[in-house]
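Each reported figure results from applying straightforward, stated rules to the coordinates on display, with no laboratory input. Please read all numbers here as calculations on a predicted model, not as lab measurements. Positions of Cβ are generated from backbone atoms using ideal geometry, with glycine treated the same way; all protein chains shown enter the neighbour counts.
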Amino acid sequence: MPSRFSSLLILFAAFAVLTFALHLGYLRLPFHWDEMGQFVPAALDLFHDGAWIPRSTVPNVHPPGVMALVAVVWRVFGYSIAAARTTMLAIASLGMLLAFLVAIRLSRAAAGAPAFAAVLFLIASPWFYIQAMMVQLDMPAMTLTLLALLLFLDQRYLWCAAACTALVMVKETALTTPLVFAACLLFRERLRREAVYFAAPVAALAAWLGVLHHATGHWLGNTAFADFNIADSLSPWHIAAAIAVRLWTLFFANGHWLGSIALLAGARTLRGKAWAVALWVALAQTVGVTLVGGAVLDRYLLPVLPILYAAFAAAASVYPAHWRWASHAAMIALLVAGWFWNPPFPFPFENNLAMVNFVRLQQDAAEFLEVAAPEQRVASVWPFTAAISHSEFGYVHRPFKTIEARSFELASLASLNREDYDVLVIYTRTWPLEGPFDTPALRDFLRRRFDYRTEPDAVQIRNALGLFPVATYVRQGQQVTIYRRGL
């Protein structure tokens, strides 16, 4: 046992060194989008006031596990962005170790060291690379899912239930995982007493929902959140679109098509109880986040990726050795290319380094305002308004007074009282359709179904609002422009 523990500690240290080395330049990167919208404000409320129900942002159903952990880290080390990002990177490093151990357990009989290939796929994945440093729920959910799966396969059911309880207190949709475990024990193994252990995660999540309902009057925290993430997401068109996005992400995007070819060739290798349990966990998680959630974000699939990558690697064991390593090397290269390459259609910036470019541009604009317009009122659209309204988010030293438009559509901007702001900031909020994808039909569909909107240019701003650009910053296809009245 000491020898095994030492080996695991060495492996964790190696993964941690690699993770921190790859993210060293981003430890102080200001917070992004949903970090500012929900998770960091909720963690700050816990840090400052011990408030389990957020006060500085609208409460919603997300359990407080990650926010509580970040708040504890801030209590110990003091508030800083670096402390928060370091915490998330440590969780990601543990996730890498557990992904490696799960891949070993799943692919013991496969040739070609598939566990090493599986963890390399994960490390190279742009979704993992970006989410590893972000204060969001999906990386911790991935790590705890892998821990629970490993404990279940080792038949340590009580500890597995405890891990699942922690898991659902991080991400509510992860309830699918303990339900899969309970079903396996109840219907396949006929272990009724052990199946009852998995009532604990259900009870913990129910208790959180009760606390939330008592504080807010809503089971999911607020009506708008429930409408967007439950009622709207269950419409047939939304389900169809979500299925298409999930299939693209899992089996085609960023070189995954190479893994899919391997799956078709070597699906027969994915046999046995361990694979059955793991694949049911992955399938249940995928179905859950496909049916529930108005925003079809790829990061929701992060707990599925280690299992998928293990399947890609194990299935490729049927290839001749030179084909196998050529396929693995090509897929890793395409995954790493996905860090930098932006698709020709709208995508969440947090899928790759577009997130960093987005944040850096907002930093550029904030620095310009602090120097050139320190006392002026700023009009823009969220999240830039949040970025410059709170110094804790890392963009400004002193908060600005802001006025927020609903969108960058000219009608929305024109509805603002011109006497209420001095400066207007326009930035790339939605990645535009490009090339063959930029068609009137697709633009209209995305506008109606996904609120697709592009930003007005300087000529449109001048003609509609009488404002002129005074500064423009551009990074990798994204842009931010600052406007004033007159020159």
- Query: Among the DSSP beta bridges whose two residues both lie in the chain, what percent are antiparallel, rounded to the nearest 5?
  - Reply: 70 percent
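Let me check I have the definition right: for segment 447-487, take the eigenvalues of the Cα gyration tensor, multiply each by 5, take square roots. What are those semi-axes in whole Å, largest first? Spell out each step's value before the answer.
Working: eigenvalues 100, 49, 7 Å².
Here the semi-axes work out to 22, 16, 6 Å.
More than 26 Å apart: what percent of Cα pairs in segment 251-407 qualify? Each step should come with its number before you reach the end.
Values: 6000 of 12246 pairs.
Cα-Cα pairs of segment 251-407 separated by over 26 Å account for 49 percent.
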- Note on the structure: Relative to the chain, whose Cα atoms define the longest principal axis, helix 321-340 and its Cα axis are tilted in degrees, nearest 10, by 20 degrees
- Query: Given a Förster distance of 51 angstrom, what is the FRET efficiency for residue 192 paired with residue 116, based on the Cβ-Cβ distance and rounded to 0.05?
  - Reply: 0.85
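Quote the Stokes-Einstein diffusion coefficient, in whole µm² s⁻¹, for segment 131-195, based on the Kirkwood radius over alpha carbon pairs, a temperature of 37 °C and a viscosity of 0.692 mPa s. Let's see the in-between values first.
Values: Rh = 12.0 Å.
Once the numbers are plugged in, D ends up at 273 µm²/s.
Peptides 263-274, 67-78, 93-104: what's the order by average Cβ count within 10 Å, highest mean first? It would help to have the intermediate numbers written out before the result.
Details: 263-274: 14.7, 67-78: 16.7, 93-104: 23.2.
The packing order, highest mean first, is 93-104, 67-78, 263-274.
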- Query: When the Debye formula is applied to the Cα atoms of segment 236-296, each taken as the same point scatterer, what base-10 log of I(q)/I(0) results at q = 0.17, 0.18 Å⁻¹?
  - Reply: -0.70, -0.77
- Item | For segment 351-485, the spread of Cα positions along each principal axis, largest first, Å | 44, 34, 23
- Task: With everything on Cα atoms, drop me the angle between helix 65-77 and the longest principal axis of the chain, reported from 0 to 90° to the nearest 10.
- Result: 70 degrees
- Message: Under 8 Å for C-alpha pairs, at least 6 residues apart: give me the relative contact order for the chain, rounded to a whole percent.
- Response: 15 percent
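Loop-only check: which trypsin sites (Lys or Arg not before Pro) in segment 77-167 are DSSP coil with at most 15 other Cβ within 10 angstrom?
Filter output for segment 77-167: 108, 156.
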- Take peptides 232-240, 348-356 and line them up by average Cβ neighbours within 10 Å, highest first, as a rough protection proxy. 348-356, 232-240
- Note on the structure: What the 10 Å binned alpha carbon P(r) of segment 19-171 shows, as percent of pairs per bin from 0, is 11, 36, 33, 16, 3, 0
- Item | segment 99-341 - charge dipole about Cα centre, Lys and Arg +1 at Cβ, Asp and Glu -1, debye rounded to 20 | 840 debye
- Query: For the residues 218, 397, what sequence is obtained by ranking on other C-beta atoms within 10 Å, fewest first?
  - Reply: 397, 218
- Message: Against the empirical 2.2 N^0.38 Å scaling, what ratio does the C-alpha Rg of segment 99-341 come to?
- Response: 1.04
- Beyond 17 Å, the calculated P(r) of segment 35-99 holds a percent of Cα-Cα pairs equal to 39 percent
- Cα long-axis angle, helix 40-49 against the chain (0 to 90 degrees, to the nearest 10): 90 degrees
- Note on the structure: Rh (Kirkwood, all Cα-Cα pairs) for segment 407-457, Å, reads 12.6 Å
- Note on the structure: Log entry: pair-distance distribution for the chain, C-alpha pairs binned every 10 Å from zero, whole % per bin is 4, 18, 28, 27, 15, 6, 2, 0
- Using the alpha-carbon centroid of each, what span in Å lies between segment 305-341 and segment 254-301? 15 Å
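Test of understanding: ordering 176, 430 by Cβ neighbours within 10 Å, fewest first, what list do you get? Could you put the intermediate results ahead of the total?
Numbers: 176 21, 430 17.
So the residues, fewest neighbours to most, are 430, 176.
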- Query: Arranged by the count of other C-beta atoms within 10 angstrom, fewest first, what order do 275, 159 take?
  - Reply: 159, 275
- Task: Taking every pair of Cα atoms in segment 83-234, average 1/r, invert it to obtain the Kirkwood radius, and report Rg/Rh to two decimals.
- Result: 1.02
- Query: How far apart, in nm, are the 7 Å Cα→Cβ label points at residue 18 and residue 77?
  - Reply: 2.2 nm
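Can you tell me the FRET efficiency between residue 200 and residue 156 if r is taken as the Cβ-Cβ distance and R0 is 22 Å, rounded to the nearest 0.05?
Values: r = 14 Å, r/R0 = 0.65.
According to the calculation, E is roughly 0.95.
Taking the Cβ of residue 272 as the center, what net charge do the other residues with Cβ under 11 Å away carry, scoring Lys and Arg +1 and Asp and Glu -1? Could the numbers behind the result be given before it?
Details: positive: 105, 108, 271, 273; negative: none.
Net local charge, residue 272 excluded: +4.
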- Stokes-Einstein D for segment 205-336 at 37 °C, 0.692 mPa s, Kirkwood Rh over Cα pairs, in µm²/s? 195 µm²/s
